[in-house]
Every structure is written in structure tokens, then in C-alpha cells.
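Asker: A single structure is presented below for examination.
The values are calculated or read from the model by the stated rules, or taken from the named source; none is laboratory data. Keep in mind that this is a model prediction, so the values were computed, not measured. Counting neighbours? That spans all protein chains shown, and the Cβs are built from the backbone with ideal geometry, glycine included.
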Amino acid sequence: MKKRITALLAAAAAALMLTGCGDSNPAYLKNITASDYVELCDYSNIPITVAAETEVTDDMVDNYVNYTLSSDASYQEVTDHDTVENGDTVNIDYTGTKDGEKFDGGSATGYDLVIGSGSFIDGFEDGLIGHKVGETVELNLTFPDDYSNTDLAGQDVVFTVTINKIEQLVTPELTDEWVAEQDISNVSTVDEYKDYVRNQLQTYYDDDYRTREEEAIADYLIDNCTFKQDPPEEMVRRYYDNMVQAYSTQISQNYGMDLDTYTQMMGLDSDSSESSADSSTESSAESSSDAAAASSESTSDAVSASAEASESSDGAVTEDASTAATTVTSEEISSTTATESSDSASEASSALDASDAAGGVTIGSALASDSSESSSEAASIASSDSSTDSSEASSSSSESSSEGSSEETEKIYQWIMDDAEKIAKRYIILQAIADKEGLNLSTRELKQQLSNEAAQEGYSSLDDYLKDEDASNAYREYLMSQNVMDWLLDHATVTDEAADSSSSDASSEASTEASTEASSASAAESSAESSAESSSASN
């Protein structure tokens, strides 16, 4: 959950550097003298410690390929047997009646039910075992006395169930035909696809390493430079407004809700989340490559979140039936990939462009939609125990949300404001270094870069782009920041985190040994002195 929030905020921070804010008089770096605001520390040879670069292995490539294949899995009708067995996934139509009348939530068409999952009330799933595809079965059942829907609790009902088919989840094989269906430019064979995955993963990890280096540099500068005065309020507000706008847009697109609702739903703890988000947020504001990675990751997470949201969106539905449907799907998909590969496969998914390689995105959304349509009608058949627990948990959550919603909203906006101020300070520091070291782009270089960006953003000409002062100046700042970061990294002393840790451990061990030896020597010396004194007294 926090990972989703961090990824979205990171992408939002990155976007603010490349989009306008709509302020009629924004405070850009070109309008201030950076040295008036900050006294620079010695940045000539900044010492930083980061984890070593990641080299993509064959296992990492295979893990991602398996992950993508499993995401493309689909249900297919079973042909080797037509009698329902425990563990089968059956597609059914059913209608529930009480005293001869249909009751709300008791009917569904084309519902996929895993026999033995326990997602429906006692007797429903067992009652289908042994019956054949095409049969219509009448089940005389009784809802539990403690069932959450009091109108049905303890009531006798009849379910008329038609067994349409028995299904199994089938994962496609990695073939040239499957690769061609992914529609990736210049990739049509298995070998080309694996090379593509390897290159994309390596690019992701290389960008990630660069980002971690930049984060370490930025942290050093923030910690060691001294600000003579706070950044201009207009500048902080510009960053803040853009972050809120970009963040809200992503939340709306990915989750279909506004920022306030999302904050309340997630129950964000700003204190615990801030530490994990600070570095990611700040670095993303100046790194377009990190923005791509963050956006890709949030796209991947958004699929899961979209499924979760759609499966439980109907207010009249208990969560049990929809949860059961998705749990089984997840379990069957995960069985196609080794357990130990799941973390790296999930991480790898954020590295690849969703439209090119994450084939599961489209089918995942479709599965979520299908599950939502079916589960929305299947509510009242869910297991009584979990239904009761779900109802109680939902009630408790609702009360808690109501009480803390205002506080949570204030937290998230204050968190964004704090990050906006940090970003402003960071860019002021970088601008001061650029001014001192002559690292600002020349007029010719800047014009060329702006021309390229104008074309990429769809402007008819550079002049039209420059008229959009918001966008062109924000991009100008981004280019400056990358120029300065390149210079700082060229002059920095970078230590491998693992090597530094080993060195610290060795130093600590040596220190401990020296201390022990010193203590032993001291004890021996004291013993000798005591013995001598005792001998002297005896004489």
C-alpha cells in the first residue's frame, strides 16, 4: 500500500518538473539569485555510499517472462472429464429463492466457482460434486443463523444451479507466435523477446543506480549547505501545486477517485511513509528516467488496485464471494511461477513498459471486470463466518475513517508541502553550483534541447513552446539539474554499500579484539601488581 503511494508521489514529483503549474507569476530559478539563499558546502568531492549496480541474470529474465506469461493466463473448458470434482472450477448460472420468491443477491450468470473454496454457504459447493456439465441441480439449503444479512439468517432457501462447463486456468507457452502477439517493435521471436526483456531490465536497474547516486548527493547537499533564508513562497507553492495536480491526476486515472478519498481509504500514516518517500520524491523531480520507472510501477500496481476496487465496489455486496474468486485466480496463476521468483518478477514488471511487455495488464483488467460483474450478484451466498467478520471489520473501518478523514487529509497535504520545500531547496543549491562552476547550458545548447522537447511535446514550433513559459522554464530547470548532477557525480567518491559494511564490520571486530587485548593486559598488570604487593607485605 505504501509502495503504491510512494510510487505515485514519485511520479507526481517528476511530472511537476515537466509540466506547468498555471501560476500567473511563478518564481522560477531564473528570477532569483541562488547564492542569496544558500551558502554552499564543499561539494568538490562528495563522499557517497550506495548499493552496487545490479547486473541482470538469466534467472531474472526467466522470472519476468514467467510472470508475464502467467499474467496472460485464461480459463479454458476442460475436455478430459464432464463430472464435477472437488477442486474444479465450474462456470454456473444460479437463482436463489425463499418461499418461492427470488431474493436480492441470490442470482448470477456465468459465475466461476472453485469447488471446495468455501466461498459459498455450506452445502452449495458440495451439492454440485458428482453432477455433469449441462445438468440443472436444485439445492435445498439453509443460511446460517449468524449470517450477516438478517433477512436471510437461518432461512431455508432453494438454489437452482445450471452447470455450464468445467474450466481450468491455462498459461500460454513462450513461443514465437505468443511473442508476435505482444506487438513489440522489432521483436518477433523468443530469443529477441528475451533480449528485449534483458535490455529493458538492465536499463531499469542502471537508471535505478543513477537515481540512488543522485539521492545520496542530494541528501549530502541538503545536510551540509546552509540556507540564509527560506525559498521563495511562490516557488514552494509552484512545486506544491504541481505535485498535488499530478498526484491527483494519477490517483484519478488509476483508482477512479480524488486525492482526499484515496488518502482516507489508504489510511496513510505520514510519519512512517515520509521516510520512505522523501528520497524517491525529491530525486524523481529531476530524473525523467526515474519518472518512467515510477510511472511503470504505479501502472503495474494500479492493475492490482483496480482489480481490488472493482471487485468490492458494489455497496450491496459482501466481500467474500469476490475475494474468493480473485484468491483462487491468484493462487492458480502463482502456481505457474516459482515462489522464490515472485519478488524479482514483481520488481521486474515495474521496469518494462506496460503497453509493450506487460501483457497481463489488459487481461488482468478484463478478469477484474468479469469477476466484478459476477461477484456483485453472488454476495449473499458467501461463507457466514467470513461474511460476519467482514461486516464487522467494514463497520469498524468506516467509523475509524469518518473520525480520522480530516486528519489524514491534512497529513497528506502537509507531507506534499514539506516535500515541495525540500525540492525548492534542492534546486536552489543546484542552481548556485551551476552559477559558480559555469554549468548552465549555453544559449545554443539550451535552444537545441528546448527544440527537441517542443517537438516531443507536440508544439508546432519552438516559439510556441517558449510562449508556454511555465513548461519551458520548468524544463530549463530540469536540464540544469541534470548537468550539475553529472558534474557532481564525476567528482564524487562512490563507495559500494556492501564493501563499506564489510569494512565497518572488520573495523568493529578489530576494535573489539584490541579492546579485549587491552583489558586482558590491564587485568594481568593489576594481578601482577597485587601479587607483588602481597608478597612485599608478607616479607
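Asker: When both residues are 6+ apart or on different chains and their Cβ atoms are under 6 Å apart, which pairs have a first residue that lies in the stretch 89-103 and is at positive phi, and a second that is small (Gly, Ala, Ser) and part of a loop (DSSP other than H, G, I, E, B)?
Answerer: Correct list of pairs: empty, since none qualify.
Asker: Against the definition (out of contact with any helix residue (DSSP H, G or I) (no Cβ under 8 Å at 6 or more places or on another chain) and at pLDDT below 90), how does SER508 come out, yes or no?
Answerer: yes
Asker: While we're on this one: Of the residues that sit in the stretch 50-75 and are out of contact with any Ser or Thr (no Cβ under 7 Å at 6 or more places or on another chain) and under 30 Å from ILE217 (Cα atoms), which one is surrounded by the fewest Cβ atoms within 10 Å (Cβ to Cβ)?
Answerer: Filtering the stretch 50-75 for residues that are out of contact with any Ser or Thr (no Cβ under 7 Å at 6 or more places or on another chain) and under 30 Å from ILE217 (Cα atoms), the one surrounded by the fewest Cβ atoms within 10 Å (Cβ to Cβ) comes out as GLU55.
Asker: So which residues in the stretch 28-74 are assigned to a loop (DSSP other than H, G, I, E, B), of a type in the set (A, V, I, L, M) and either in contact with a Gly (Cβ under 9 Å, 6 or more places away or on another chain) or without any contact (Cβ under 8 Å) to a residue 12 or more places away in the chain (or both), if there are any at all? Give the derivation first.
Answerer: Within the stretch 28-74, the subset assigned to a loop (DSSP other than H, G, I, E, B) is 28, 32-33, 37, 40-46, 51-57, 72-73.
Within this subset, residues satisfying the condition of being of a type in the set (A, V, I, L, M) are 32, 40, 46, 51-52, 56, 73.
Matches in the stretch 28-74: ALA73 only.
Asker: Is it true that ASP223 is within 30 Å of GLN414 (Cα to Cα), of a type in the set (D, E, K, R) and in a helix (DSSP H, G or I)?
Answerer: Spelling it out, ASP223 is indeed within 30 Å of GLN414 (Cα to Cα), of a type in the set (D, E, K, R) and in a helix (DSSP H, G or I).
Asker: So in the stretch 97-147, with the set limited to residues that are within 13 Å of THR160 (Cα to Cα), small (Gly, Ala, Ser) and touching a helix residue (DSSP H, G or I) at 6+ places or on another chain (Cβ under 9 Å), which one is surrounded by the fewest Cβ atoms within 10 Å (Cβ to Cβ)?
Answerer: Ranking the candidates gives GLY106 first.
Asker: Quick one: count up the residues across the stretch 164-199 that are assigned to a strand (DSSP E or B) and acidic (Asp, Glu). Even if it seems obvious, please write down each step before you answer.
Answerer: Looking only at the stretch 164-199, we keep the residues that are assigned to a strand (DSSP E or B), and these are 164-170, 184, 187.
After this cut, where a residue has to be acidic (Asp, Glu) as well, the list is 167.
Residues meeting the conditions: 1.
Asker: Further question on the same structure: Restricting to the stretch 442-480, give me the number of residues that are surrounded by 15 or more Cβ atoms within 10 Å (Cβ to Cβ), part of a helix (DSSP H, G or I) and not hydroxyl-bearing (Ser, Thr, Tyr).
Answerer: The qualifying residues number 15.
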